[in-house]
Amino acid sequence: MALENIEPSRLEYEISCSVCCGIFKNPVLLSCSHSFCKECLQEVWRKTARRECPLCRRKSSKDFPPLNLTLKQVCELFLKSKEQIGVATKALCSLHGENLKLYCKQDDQPVCVDCIGSGQHQNHDIRRFTAVVQERKDELMTDLKPLKEKIDSLDKLRRGCDGTAAFIKKQADQTEKDIRSELKKLRTVLDEEESARIANLRKEEQEKSQMLEDSVEIITSKLASLSAMTDSIEREMNIPDMEFLQNFKDIKKRVQCKLQEPDSIPVALIDVSKHLSALKYNVWERMLGTIHHTPLTLDPLTAHPQLALSDELTSVHYSFRGKNLPDNPERFDLYVFVLGSEGFVSGLCSWEVEVGNKPNCRIGVARQSAPRKGNFTVCPKEGFYTIILRKREFRAGTWPETRVEYDRRPQRICVQLNYEKGEVVFTDPSEGAVIYTFKDTFTEKMFPLFGPSKDSAPLRICSKAVCVLHKQ
């Protein structure tokens with residue numbers, strides 16, 4: 001069948017490479033009968049490192065497939081005929097039969113040289129046809145620029161979503177691991193308590209069983225002695241009368257022999273109440289000894305990427321390596337801060353922070369609406385109420401900063417938020433002395449804030465003892 005008898009679009013589809021979607025260039029033939037451009041196939045094999053057909057995945061028997069000469073000739077003939085068709089269909093003026101090499105801007109149409117000479121387009125803005133085509137293409141390219149920027153933005157957003165999805169999976173796996181680890185610790189306490197209590201129970205059982213065995217041996221011995229005496233007396237009662245009467249007094253004494261015997265079972269039963277009484281409560285009370293309670297925890301979703309939080313989310317330190325974390329809206333991206341996981345909208349709240357010998361750090365509270373992204377001033381106007389330890393002196397996080405006259409260097413600092421009074425008070429718990437007080441009006445949720453600065457020493461939220469109160 002001649003090429004001109006085949007529908008052009010169908011033929012072009014049949015002689016197009018399925019990798020680059022263009023007309024075959026140097027097509028090679030695989031053993032599975034599929035053909036591809038030589039360069040396309042080599043690129044696919046280079047990326048996948050597998051010698052297989054990109055379509056059917058059948059393994060190729062040859063590292064260098066042969067050139068498909070017949071297909072190459074068909075492609076060359078198709079391209080040549082396409083060029084000829086393009087020349088034959090070149091645009092001509094319908095009035096003068098000349099090539100349309102010019103373009104009238106006023107009439108917005110292509111024209112030929114004779115159209116200009118006839119005066120039909122006199123005093124019109126006439127341009128070269130190719131120049132107008134290029135001008136229109138440039139105009140479209142300008143219009144396409146914001147669309148391409150939007151494509152780039154959407155692609156970046158999509159890649160961000162993919163990264164966030166991977167991070168969420170990692171978060172879930174790590175959190176599951178932590179949950180299992182923490183509950184395993186509690187189960188270990190229960191297992192140890194179970195083993196100890198059962199061991200005590202079996203010990204008591206063994207002791208009392210041994211006591212019963214000893215008592216049974218004594219009773220058996222006495223029983224054998226009495227049985228032997230009874231048999232002997234019964235035999236003597238059958239002797240001749242004269243002899244019986246002569247031995248009666250001795251026999252009588254033996255019958256009246258008082259043998260001490262127990263009134264009841266000499267061993268008490270197992271004290272069940274000792275093992276079971278308030279069992280759950282006593283075990284729970286013991287488990288409290290393994291629990292370290294903190295009044296609040298840190299929120300990893302707000303942590304700057306170079307902050308490392310402990311597994312219990314109760315301490316934070318600067319990490320020079322940093323982490324590849326999603327840039328979610330809650331996260332600080334410039335200041336190395338992290339917020340507490342719980343905010344406060346009323347009442348009196350306080351917590352202690354162990355600062356130890358850190359040379360620099362910042363602690364306090366922040367409004368929920370306080371900025372998280374970019375550069376800003378860390379001061380009450382922006383929603384931050386903090387004090388700073390810098391070079392072993394205290395400064396209040398005002399703008400500009402205020403030097404605080406407090407000579408002691410406490411190991412712990414207590415932060416107290418009185419929502420209704422609009423106060424944030426920083427105190428030295430070892431002395432009970434006030435270091436600094438902020439006063440303002442609070443109308444939104446307030447969150448604890450921690451900034452460990454760029455050194456490896458951690459900031460740690462101090463734990464509080466957990467106790468059981470026994471009501472009288």
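The values are calculated or read from the model by the stated rules, or taken from the named source; none is laboratory data. Predicted model, so just to flag it, every value in this text is computed and none were measured. Heads up, the Cβs are rebuilt from the backbone with ideal geometry, glycines too, and the neighbour counts pull from every protein chain shown. To get the accessible areas, we keep the full protein, side chains included, count just its heavy atoms, and leave off ligands, DNA and RNA. Shrake-Rupley method; radii C 1.70, N 1.55, O 1.52, S 1.80 Å.
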Problem set entry | Members of the stretch 301-319 found to be among the hydrophobic types (A, V, I, L, M, F, W, C) and either in a helix (DSSP H, G or I) or over 15 Å from residue 362 (Cβ atoms) (or both), listed by number | 301, 308, 309, 313
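Quick test for you: out of 364, 356, 322, 374, pick the one residue that is part of a loop (DSSP other than H, G, I, E, B), within 24 Å of residue 463 (Cβ to Cβ) and not charged (D, E, K, R).
Values: 364 fails: part of a loop (DSSP other than H, G, I, E, B); 322 fails: within 24 Å of residue 463 (Cβ to Cβ); 374 fails: within 24 Å of residue 463 (Cβ to Cβ).
Testing whether each residue is part of a loop (DSSP other than H, G, I, E, B), within 24 Å of residue 463 (Cβ to Cβ) and not charged (D, E, K, R) leaves just 356.
Answer yes or no as to whether residue 72 is more than 47 Å from the chain's Cα centre (by Cα) and open to solvent by 50 Å² or more (accessible area, probe 1.4 Å).
On the way: more than 47 Å from the chain's Cα centre (by Cα): yes; open to solvent by 50 Å² or more (accessible area, probe 1.4 Å): yes.
Considered against the rule, which asks whether it is more than 47 Å from the chain's Cα centre (by Cα) and open to solvent by 50 Å² or more (accessible area, probe 1.4 Å), residue 72 comes out as yes.
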Exercise. So which pairs qualify, if the first residue must be in the stretch 95-108 and open to solvent by 70 Å² or more (accessible area, probe 1.4 Å), the second must be of a type in the set (A, V, I, L, M) and modelled with pLDDT under 70, the Cβ gap must be under 9 Å, and the two must be at least 6 apart or on different chains?
Worked result: none
Seminar exercise, completed: Restricted to the stretch 403-419 and to residues being within 26 Å of residue 370 (Cβ to Cβ) and more than 38 Å from the chain's Cα centre (by Cα), the residue least open to solvent (accessible area, probe 1.4 Å) is 404
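Somewhere in the stretch 253-266, is a residue modelled with pLDDT of 80 or more, in a helix (DSSP H, G or I) and more than 30 Å from residue 167 (Cα to Cα)?
To start, the set of residues in the stretch 253-266 that are modelled with pLDDT of 80 or more comprises 253.
Next, from what is left, pick out any that are in a helix (DSSP H, G or I): 253.
So of that shortlist, the ones also more than 30 Å from residue 167 (Cα to Cα) come out as 253.
Scanning the stretch 253-266 turns up at least one residue that is modelled with pLDDT of 80 or more, in a helix (DSSP H, G or I) and more than 30 Å from residue 167 (Cα to Cα).
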Problem set entry | Selection from the stretch 43-63 of residues that are open to solvent by less than 40 Å² (accessible area, probe 1.4 Å), more than 14 Å from residue 18 (Cα to Cα) and either in contact with a helix residue (DSSP H, G or I) (Cβ under 7 Å, 6 or more places away or on another chain) or not in a helix (DSSP H, G or I) (or both) | 52, 60
Problem set entry | Failed criterion for residue 78 (all others in (1) surrounded by 14 or more Cβ atoms within 10 Å (Cβ to Cβ); (2) farther than 30 Å from residue 31 by Cα; (3) at pLDDT 80 or above hold) | (2)
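If you go through the stretch 229-252 one residue at a time, how many are assigned to a helix (DSSP H, G or I) and open to solvent by less than 60 Å² (accessible area, probe 1.4 Å)? Give the derivation first.
Taking the stretch 229-252 as the starting set, the residues that turn out to be assigned to a helix (DSSP H, G or I) are 229-236, 241-252.
Next, only the ones that are open to solvent by less than 60 Å² (accessible area, probe 1.4 Å) stay: 229, 232-233, 236, 244, 247, 251.
Result for the stretch 229-252: 7.
Condition test on residue 452, is it in contact with a His (Cβ under 6 Å, 6 or more places away or on another chain), touching a residue at least 40 places away in the same chain (Cβ under 8 Å) and under 17 Å from residue 354 (Cα atoms)? Walk me through it before giving the result.
Values: in contact with a His (Cβ under 6 Å, 6 or more places away or on another chain): yes; touching a residue at least 40 places away in the same chain (Cβ under 8 Å): yes; under 17 Å from residue 354 (Cα atoms): yes.
When the stated conditions are applied, residue 452 passes them.
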Exercise. Just for the stretch 420-460: of the residues that are surrounded by fewer than 14 Cβ atoms within 10 Å (Cβ to Cβ) and more than 21 Å from residue 367 (Cα to Cα), which one is modelled with the lowest pLDDT?
Worked result: 456
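If you scan the stretch 157-201, which residues turn out to be hydroxyl-bearing (Ser, Thr, Tyr) and closer than 21 Å to residue 328 by Cβ? Break it down stepwise before answering.
Initial filter on the stretch 157-201 (hydroxyl-bearing (Ser, Thr, Tyr)): 164, 175, 181, 188, 195.
Passing the criteria: 164, 175.
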Seminar exercise, completed: All-but-one check, residue 23 against (1) hydrophobic (A, V, I, L, M, F, W, C); (2) closer than 30 Å to residue 131 by Cα; (3) modelled with pLDDT under 85, failing number (3)
For this session: Within the stretch 334-353, track down each residue that is part of a loop (DSSP other than H, G, I, E, B), within 25 Å of residue 421 (Cβ to Cβ) and not hydrophobic (A, V, I, L, M, F, W, C).
Result: 341, 342, 343, 346, 347
Problem set entry | Which numbered condition residue 280 fails, given (1) surrounded by 13 or more Cβ atoms within 10 Å (Cβ to Cβ); (2) modelled with pLDDT under 90 | (1)
Problem set entry | Subset of the stretch 369-413 [on the phi > 0 side of the Ramachandran plot and at pLDDT 90 or above] | 374, 383
Exercise. Taking residue 393, is it open to solvent by 50 Å² or more (accessible area, probe 1.4 Å) and among the charged types (D, E, K, R)?
Worked result: no
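Across the stretch 111-126, what is the number of residues that are in contact with a Cys (Cβ under 8 Å, 6 or more places away or on another chain) and either surrounded by 14 or more Cβ atoms within 10 Å (Cβ to Cβ) or assigned to a loop (DSSP other than H, G, I, E, B) (or both)? Please lay out each step first, then the result.
Of the residues in the stretch 111-126, the ones in contact with a Cys (Cβ under 8 Å, 6 or more places away or on another chain) are 111-112, 114-115, 121, 124-126.
If we keep only those that are either surrounded by 14 or more Cβ atoms within 10 Å (Cβ to Cβ) or assigned to a loop (DSSP other than H, G, I, E, B) (or both) as well, we get 111-112, 115, 121, 124-126.
Residues meeting the conditions: 7.
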